[in-house]
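The structure appears right after this line, and notes come after that.
Bear in mind these aren't lab numbers, they're just calculated from the coordinates by the rules spelled out. No experiment lies behind these values; they were computed from the predicted model shown. Please note: Cβ atoms are built from the backbone with ideal geometry, for glycine as well, and neighbour counts cover all protein chains shown.
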Amino acid sequence: MSLEELVRPDVAREEAEEAARGLAHQAERLGLPLEDIEVTAPCPTCRRTSYTIHLGTLDPAQTRQLADTLRSLPPSARPMDGTC
């Protein structure tokens, strides 16, 4: 690995980390801290070609709370099927 590769910013990782921080912040506002959230790098040997964000471990009560909160959103605030 060259020195340039070591110091060059990884824009995709920075974007994934920013998205993860935003999600964690909003979840925390709802009283649901995502303490185990993590960003995983792309895998050169499998089909995962971009960074992924893992929510971590949620117990059943936290999972119900998240589902109930998402269910309570008005339909216009929910993402449409087939969109990113």
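For the range 20-34, the set of residues classified as surrounded by 12 or more Cβ atoms within 10 Å (Cβ to Cβ) and part of a loop (DSSP other than H, G, I, E, B) consists of L30, L32, P33, L34, listed by residue number.
Close Cβ contacts (under 6 Å, 6 or more residues apart or on different chains) running from residues in the range 45-61 that are surrounded by 10 or more Cβ atoms within 10 Å (Cβ to Cβ) to residues that are hydroxyl-bearing (S, T, Y) comprise T52/T40.
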